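Below is one structure, written out as structure tokens; comments come after it.
The values are calculated or read from the model by the stated rules, or taken from the named source; none is laboratory data. Remember, it's a predicted structure, so these values are computed and weren't measured experimentally. Here the Cβ positions follow ideal geometry from the backbone for every residue, glycine too, while neighbour counts run over all protein chains shown.
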Amino acid sequence: MLAAIASELGPWSWWVVGLVLLAAEMIAPGFFLVWIGLAAIAVGALSLLFWDSAFWAWQLQAILFAAFAVAATFVGRKLTRQHAETDQPFLNRRGESLVGRTATLAEPISEGRGRIRLDDTQWKVSGPDLPVGARVKVIASNGRDLTVEEA
């Protein structure tokens, strides 16, 4: 059935595939199918030029489509990758945003481990042994654990 449709459409079959992929991009989330659709349209453009040539077999068309799809995806990814500046550089790195702040120990630091309360969260801390209520300064962040020193 697909072979019959492709033979009836001739060189326009790649255009149809490309437009279907571009339409699917509007339905599917992401920004991926557009590059594959553009690759199909590029093969369609070449098909308009070479359709009656002996070397323009379906195997060559499929190989070119695969190569164009990979190349278009890499180029498109490079074009769309943006590094936007933000006014909140620590938005998803909360622990790093606490470096430099001071707090009071909620639990004593014994054997190098304790807890502080900053804002609405209790944080595990490591540092020198200190009693409850001691003021500490956050000097580093390692994921969910903070390193402190006496303030």
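Numbers for the structure displayed
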{"quantity": "Enumerated strands (runs of 3 or more DSSP E) restricted to region 67-127, each holding at least 3 residues that are of a type in the set (Val, Ile, Thr)", "calculated": "102-110"}
{"quantity": "Qualifying residue in region 71-82 (condition: surrounded by 11 or more Cβ atoms within 10 Å (Cβ to Cβ), under 18 Å from Trp15 (Cβ atoms) and either within 22 Å of the chain's Cα centre (by Cα) or not assigned by TED's automatic domain parsing to the domain that holds Leu22 (or both))", "calculated": "yes"}
{"quantity": "In region 14-55, residue nearest to the chain's Cα centre (by Cα) [restricted to those that are small (Gly, Ala, Ser) and at pLDDT below 90]", "calculated": "Gly30"}
{"quantity": "Any chance Gly10 is in a helix (DSSP H, G or I) and surrounded by 13 or more Cβ atoms within 10 Å (Cβ to Cβ)", "calculated": "no"}
